[in-house]
Amino acid sequence: MVSVSLDNSKALKALGNIAEVLRNQKEYKIFNNLANILARSWWAETFELQGARRGHDAWVPLSEAYYEYKLKKGFGLYGGEPWIMVGETGHLQASPEIVEEGLDYLSFGTKVPYAHFHQEGGTIPGRPPQRELFFVTDQDKAEMKDWLVGYLTQVLGKQIEDSK
């Protein structure tokens with residue numbers, strides 16, 4: 001009889017250690033890291049591209065009157081042009097943060113009280129048109145998946161090496 005035996009105890013131990021790593025969020029903060037690496041990048045890219053990030057529609061342009069007002073007052077200017085969603089204080093653009101986090105989820109957003117008016121838009125006079133600040137595209141999801149697979153591959157490789 002000819003046979004080959006495969007010992008999967010080390011692989012199972014490594015997989016068990018990965019599960020423990022993911023449960024031990026205080027030490028590894030996997031979702032926090034993902035948010036800081038990706039969501040902040042998306043936020044900056046969203047402002048830079050005026051909403052037209054990765055297939056998302058561009059933000060509704062400023063009204064002509066508000067464009068001229070910003071130009072005259074000289075705020076929210078980049079390259080001499082008034083940017084959409086950048087006001088006098090810059091609070092909104094500087095405000096992204098993790099607002100809630102759990103073992104298997106996180107919420108990335110802003111606590112700026114007027115942000116929801118932009119996110120949701122509306123037809124009430126004086127309210128701004130909808131200009132989504134927070135959205136996740138298919139390309140974002142693929143980037144998150146790639147990051148997570150890379151992270152798990154690194155952890156798995158380390159666990160296998162440590163168990164030898």
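Considering each residue of the range 35-58, count those that are modelled with pLDDT under 75 and crowded, with 18+ Cβ neighbours inside 10 Å, and give that number.
Result for the range 35-58: 1.
Of all residues being small (G, A, S) and closer than 21 Å to F135 by Cβ in the range 37-79, which is nearest to the chain's Cα centre (by Cα)? Just the residue, please.
A39
Find all pairs meeting these conditions: Cβ atoms under 7 angstrom apart; at least six residues apart or on different chains; first residue within the range 129-151 and more than 14 Å from A52 (Cβ to Cβ) and outside any helix (DSSP H, G or I); second residue modelled with pLDDT of 80 or more and of a type in the set (A, V, I, L, M, F, W, C).
Taking only residues 6 or more apart or on different chains, the pairs are P129/V60.
Testing S107 on (1) in a helix (DSSP H, G or I); (2) farther than 19 Å from Q50 by Cα, one condition comes back false. Which one is that?
Looking at each condition in turn, S107 falls short on (1).
Among the numbered conditions (1) surrounded by 11 or more Cβ atoms within 10 Å (Cβ to Cβ); (2) modelled with pLDDT of 75 or more, tell me where E20 comes up short.
(2)
All but one of (1) at pLDDT below 85; (2) closer than 21 Å to E45 by Cα; (3) out of contact with any Lys or Arg (no Cβ under 9 Å at 6 or more places or on another chain); (4) of a type in the set (D, E, K, R) hold for K111; state the number of the condition that does not hold.
Of the numbered conditions (1) at pLDDT below 85; (2) closer than 21 Å to E45 by Cα; (3) out of contact with any Lys or Arg (no Cβ under 9 Å at 6 or more places or on another chain); (4) of a type in the set (D, E, K, R), the odd one out for K111 is (1).
The values are calculated or read from the model by the stated rules, or taken from the named source; none is laboratory data. These numbers come from a predicted model, not from an experiment. In this analysis, Cβ positions are derived from the backbone assuming ideal geometry, glycine residues included, and neighbour counts consider all displayed protein chains.
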